[in-house]
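Have a look at the structure below, then the notes.
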Amino acid sequence: MALRDTASRLLGLLVLLHTWGAWADVEVNMEDKVEVFSQDTAQITCMFTSAEGIGGTNIQWFYVSGSKDKQRIYFQDSIVKSVDKGTPFTDRISMNGTGATGAVVLTISNVQLTDEGEFICIIKSLTEGTGEGRTKLRVFAIPDDPTIEGVQTGISVNDLDASKIGSCEVRKGYPKPNITWYKNSTPLRNAPGAVGSGSVLVSSSTTTESSGLYSVISSLRMRVKKEDKNAEFYCEVTYFVPGATMMKETARINVTVYYLPTAVNIWVESPKGKIKEGDTVDLHCTGNGNSPSSVISIKYLKDDISWDTNEKLLENVTRHDSGVYACTSQDMETFDEILGNVTVFVNYLDTAVVIPEESVVVDKGGDLKATCNALSSLQTVTEWSKNGHKVSDGHSLILKNATFDTAGTYSCVVTVVDIEGMETSGELRVHVQGAPEIIKKDSTEIVTSEKAVELSCQARGYPSPTITWTTSDGKVIKSTSETETEEGAQSVVSVKVASNITAYCNASNEHGTDLVTFNIKVKTTLHSTTQATTQATTQATTTTTITTISSAAVVTETANPPKPIVKESNGFIIAIVIIFVLLLAILGSVLYFLYKKGKICGRSGKQDLTKERSSKDNIVVEMKSDNTEEAILLGVNGEKQPPNDQ
């Protein structure tokens, strides 16, 4: 027991000595304020210095609302990290950092307007005491664009009380926005004064929405003067965002000031800028007073035409509508009249004139100069183009050393530089006369297996060439289609193909001709070659059979030979085979003739031998001719036998 007490005293003494040597307050540093938009995320940093480390400190966060109520929202020590339940921040806060680095960050998500207040970070050390830091959280919401509405009725300078000019409204801002009225860029302040000229009254009212946002309405009342007839009134809204003050302005409005006019003004409201034929001109007329007793009218002085209105639309104007237009204001009580005027000038652009007109013929290799212009009240520029491509600038078009490529339709566009959309156009058709030129295809060599081939031939030239078709054997082919093109003519024919053939396309006009040749070759197929070879082989076999019978007197019955299998052949091989067969036939005939004459093999001996065997071995061969169906019976010696001897 004594030993335990001694140990406790020693431990206490060590703690006391450590505390006495190192006791000091924990230092905590925080920003004075953190500013954030509503519904954004706020981060409040708490920085501190402590020698204890995270194991010897605990961290607490407190929130102080506008009512000065203090509420803990977070606690952390070396063992426990917890968000306090039942607070407005329970589900929206988290803390980053353990404190080991001397800094922790409290993160608040989906910040609400009610979150605005003071946040306290308390760092408590076991040996160094307690430190505390505070940061104010400010929440902002950008208001909607402000609106302004002016009075719809006129205000008389004779009114003794201040009249309402208009009202401005800005909605849903936080903190509360401020509204300032301006007249012609000069801010207006409350100046009630006595009843008299120059009184200004500005009044505002603020509404708190259920969301906590503020809406402000401001009204302006003042006593107008004659100089306020063209005054522009507008509002400026000042609102706050994190770290800055912002401003928005409303549109400008005018108020109608009633007073007896001293001058009137007439002007062209639209179109803005220069006027051209075809426009609709909007004339406006007004006086520097707007007394209900004053009547305004517009008058065209040239034709002495009047309209009892302060606005006149002149539709589809022409150059004849140019002139002076007057505005008259007449007071119906005093019959005094005030006059103002404006000069209206309608610019014009006549139809483009092309010289030569419509079309022109130029020799091949020749030159051409054409012009395109249009009468206008303003300066014009001209551009020439062909097939959508620009070819020249200026009123003149110069074409040198003309070719068939030069031919075509040229368009010119005359444009007024100062007025958009004011232009006119013309066309010139250029023909280049000369001997025709056939537009060659990539290839005129045609290999086909079809029974007919369609050929097309296109020629250019002027006058338009005539196209004719012929073949190598002098036949004329009739066109299936003839078309006149912009450059000349085009013809299409259908050529029947039985064998290799050459077709000619001839284009001609009064200046010359041109020719193109189409070589058409028949593609040889395996079927046709095999058929020809088979036929030749069959004929050769038949001839050989007959020759053998005649010379050797051997009885044979000729049958159709089997169809030979021909892999591939050509005309040359077939011809050689046929010649060889014919030579064999001729040789057989010669040998037979010599045999009959007894020149070979001792014909007399042969006859005796034949006679002895004639009763037994008479062999008969039946030959059918293409010209008769009669059977011809031949004996052993080639002599004709009667039918009953068979």
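The values are calculated or read from the model by the stated rules, or taken from the named source; none is laboratory data. Computed from a predicted model, the values in this text were never measured in an experiment. Heads up, the Cβs are rebuilt from the backbone with ideal geometry, glycines too, and the neighbour counts pull from every protein chain shown.
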### Query
Mind checking which residues of the range 444-494 are crowded, with 20+ Cβ neighbours inside 10 Å and farther than 23 Å from Gly408 by Cα?
Leu455, Trp469, Val493
### Summary
Checked against (1) within 30 Å of Tyr348 (Cβ to Cβ); (2) in contact with a helix residue (DSSP H, G or I) (Cβ under 7 Å, 6 or more places away or on another chain), Leu399 satisfies every condition except (1)
### Query
Can you list the strands (runs of 3 or more DSSP E) found entirely within the range 43-133 that contain at least 2 residues being in the same structural domain as Asn29 (by TED's automatic domain parsing) and under 26 Å from Ser211 (Cα atoms)?
57-64, 70-76, 93-96, 103-108, 117-125
### Summary
Over the range 296-338, the set of residues of a type in the set (A, V, I, L, M, F, W, C), under 27 Å from Leu260 (Cβ atoms) and without any contact (Cβ under 8 Å) to a residue 12 or more places away in the chain is Trp307, Phe335
### Task
Would you kindly identify the strands (runs of 3 or more DSSP E) lying entirely within the range 243-327 that contain at least 1 residues that are over 30 Å from Ser218 (Cα atoms) and small (Gly, Ala, Ser)?
264-270, 281-287, 294-300, 305-307
### Task
Could you please give the count of residues in the range 316-354 that are over 27 Å from Glu420 (Cβ atoms) and of a type outside the set (Val, Ile, Thr)?
13
### Only one of Ile73, Ile108 that is modelled with pLDDT of 90 or more, under 30 Å from Pro175 (Cβ atoms) and under 58 Å from the mean Cα position of the chain (by Cα)
Ile108
### Message
Being loosely packed, with under 13 Cβ neighbours inside 10 Å and assigned by TED's automatic domain parsing to the domain that holds Glu169 is true for just one of Ala231, Ala244. Which residue is that?
### Response
Ala244
### Query
Condition test on Ala103, is it surrounded by fewer than 17 Cβ atoms within 10 Å (Cβ to Cβ) and under 30 Å from Ala244 (Cα atoms)?
yes
### Query
Which of the residues that make up the range 488-510 are farther than 24 Å from Gly434 by Cβ and among the hydroxyl-bearing types (Ser, Thr, Tyr)?
Ser494, Ser499, Thr502
#### Entry: Residue among Gly166, Gly133 that is crowded, with 18+ Cβ neighbours inside 10 Å, in contact (Cβ under 8 Å) with a residue 24 or more places away in the chain and touching a Cys at 6+ places or on another chain (Cβ under 7 Å)
Gly133
### Task
Would you check if there is a residue in the range 347-364 being outside the structural domain of Val264 (by TED's automatic domain parsing) and touching a Pro at 6+ places or on another chain (Cβ under 8 Å)?
no
### Task
Quick one: which residue in Val264, Val268 is touching a residue at least 12 places away in the same chain (Cβ under 8 Å), surrounded by 13 or more Cβ atoms within 10 Å (Cβ to Cβ), in contact with an Asp or Glu (Cβ under 8 Å, 6 or more places away or on another chain) and not assigned by TED's automatic domain parsing to the domain that holds Ser163?
Val268
## Note on the structure
Those residues of the range 226-242 that are touching a residue at least 60 places away in the same chain (Cβ under 8 Å), over 45 Å from the mean Cα position of the chain (by Cα) and not in a helix (DSSP H, G or I) come to a total of 1
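Every residue, every condition in (1) under 30 Å from Ser376 (Cβ atoms); (2) of a type outside the set (S, T, N, Q); (3) at pLDDT 90 or above; (4) in contact with a Cys (Cβ under 7 Å, 6 or more places away or on another chain), yes or no:
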site: Val417; (1), (2), (3), (4): yes, yes, yes, no
site: Leu428; (1), (2), (3), (4): yes, yes, yes, no
site: Ser443; (1), (2), (3), (4): no, no, no, no
site: Thr448; (1), (2), (3), (4): no, no, no, no
site: Ser481; (1), (2), (3), (4): no, no, yes, no
site: Val493; (1), (2), (3), (4): no, yes, yes, no
site: Ala503; (1), (2), (3), (4): no, yes, yes, no
### Task
Scan (1) closer than 30 Å to Asn254 by Cβ; (2) outside the structural domain of Glu209 (by TED's automatic domain parsing); (3) among the hydrophobic types (A, V, I, L, M, F, W, C) for the single condition Val151 breaks and write down its number.
(2)
### Message
Step by step: first the residues of the range 106-134, then only those that are touching a Gly at 6+ places or on another chain (Cβ under 6 Å) and aliphatic (A, V, I, L, M), then the one that is farthest from Ser67 (Cα to Cα). Which residue is that?
### Response
Leu126
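So that you can scan it fast, the table gives a plain yes or no per residue for (1) under 30 Å from Ala42 (Cα atoms); (2) modelled with pLDDT under 90:
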| position | (1), (2) |
| --- | --- |
| Asn190 | no, yes |
| Ser215 | yes, no |
| Met222 | no, no |
| Asn230 | no, yes |
| Tyr239 | yes, no |
| Met246 | yes, no |
| Thr262 | no, yes |
| Thr280 | no, no |
#### Entry: Residue ID - nearest to Tyr300 (Cα to Cα), chosen from residues in the range 248-260 that are modelled with pLDDT of 90 or more and among the polar types (S, T, N, Q)
Asn254
## Note on the structure
Among strands (runs of 3 or more DSSP E) completely within the range 331-377, the ones holding 3 or more residues that are exposed (fewer than 13 other Cβ atoms within 10 Å of the Cβ) and either under 41 Å from the mean Cα position of the chain (by Cα) or of a type in the set (D, E, K, R) (or both) are none
